[in-house]
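The block underneath contains the structure these notes are about, expressed in C-alpha cells.
Readers should treat all values here as calculations from the given coordinates under stated rules, not as data from a laboratory. Being a predicted model, the structure only gives us computed values, none of them experimental. Because the Cβ atoms are built from the backbone with ideal geometry, glycine has one as well, and the counts that use them run over all protein chains shown.
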Amino acid sequence: MSSTILDTRTRILQATLDLLSDGKAHAVRMTDIAKQAGISRQAVYLHFDNRADLLIAATLYLDELKGSDDRLIPSRTAKSGIERLEAFVEGWANYIPEIFGIGKALIAMREEDEAAATAWDKRMRDMREGCEAAILALKKDRQLRPEFSPEEATDILWTLISLRNWEQMRIECGWSQEQYIRVMLATVRRLFVCD
C-alpha cells in the first residue's frame, strides 16, 4: 500500500476521531469527515465502504494510538485468576478516560444510527471477552464464588466496569480516578473471589 493511500486513510481516521472526541450527541456525516480530513467525500468511500466500517476502523485506530494491546499484557500474562481480574479491571478503568468522548458520542448516536451502534457494540463485545477471560481464570483457579456461574459473573463484571457506570461515579458523583479504581478493585474482589 502506498504511503499516500496510508496517509489519506490515517487522515480520515484522525478526522473521525477529532469529530467524535467531544462526546456530543450528533451524527457525524461522511461529508463532515471528508471536510475535516481535507479530501472529497468520494475519497472517503474509496477507503471505507460505509459509515459502520469507518466508525469501527476509527475505534480500532484509537486503540492502536492508545496502545490498548500493551495495556492488556498484565492481564493476559497474569499468574493467577485474581491477578488477571485485577489487572483487567485496572487496565480498563485507566483506558476509559481516554476513550470517553468517543464512547459517549457512539452511545448517544447508536439509537438512531446503525453504524454507530455497530461500532459501539463491537467495542463492547471485545471488552466483554476480556471480562470473560478474567472470570474464567478465576474459575480455573477454583476461586470464583460458587453462587455465580461464569456467565453471570461475566455479565455482572461487564456491567460494573462499563463506561456509563464510570461516568456516573467519576462525573456525577465526583470521584477521583484513584478512588474509582480502588473501590472497583475492592468490589470485584469481594464479589467474585472466594475467601
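In the chain, how many lysine pairs have Cα atoms under 30 Å apart, counting only pairs 8 or more places apart or on different chains?
Lysine pairs meeting both conditions in the chain amount to 16.
If the label point is 7 Å along Cα→Cβ of Ser80, which residues in the stretch 159-195 have backbone nitrogen under 17 Å from it?
185-195
Taking the chain as the reference, fit the longest principal axis to its C-alpha atoms, fit the long axis of helix 81-110 to the helix C-alpha atoms, and give the angle between the two in degrees, 0 to 90, nearest 10.
30 degrees
Asn165 to Asp18: FRET efficiency via 1/(1 + (r/R0)^6), r the Cβ-Cβ distance, R0 41 Å, to the nearest 0.05? Write out the running numbers ahead of the final one.
Working: r = 27 Å, r/R0 = 0.65.
Here the calculated transfer efficiency is 0.95.
Distance between the C-alpha centers of the stretch 28-102 and the stretch 153-195? Whole Å please.
Cα centroid of the stretch 28-102 versus Cα centroid of the stretch 153-195: 21 Å apart.
Angle between the Cα long axis of helix 150-160 and the longest principal axis of the chain, 0 to 90 degrees, nearest 10?
60 degrees
Through the Karplus equation 6.51 cos²θ - 1.76 cosθ + 1.60, θ set to phi - 60°, convert the phi angles of the stretch 177-194 into ³J(HN,Hα) values in whole Hz; use x for Gly and Pro.
With coefficients 6.51, -1.76 and 1.60, one gets 4, 4, 5, 4, 5, 4, 5, 5, 4, 5, 5, 5, 5, 5, 6, 9, 9, 5 Hz.
Given [x] 45, 36, 28; [y] 61, 42, 35; [z] 60, 38, 27, which label gives Cα extents along the principal axes in Å as computed from the coordinates?
[z]
What is the helix-to-structure angle for 3-20, meaning the angle in degrees between its Cα long axis and the longest Cα principal axis of the chain, kept from 0 to 90 and rounded to the nearest 10?
70 degrees
Sorted from largest down, give the three principal axis spans of the alpha carbons of the stretch 97-156, whole angstrom values.
Taking the Cα atoms of the stretch 97-156, the three principal extents are 42, 22, 14 Å.
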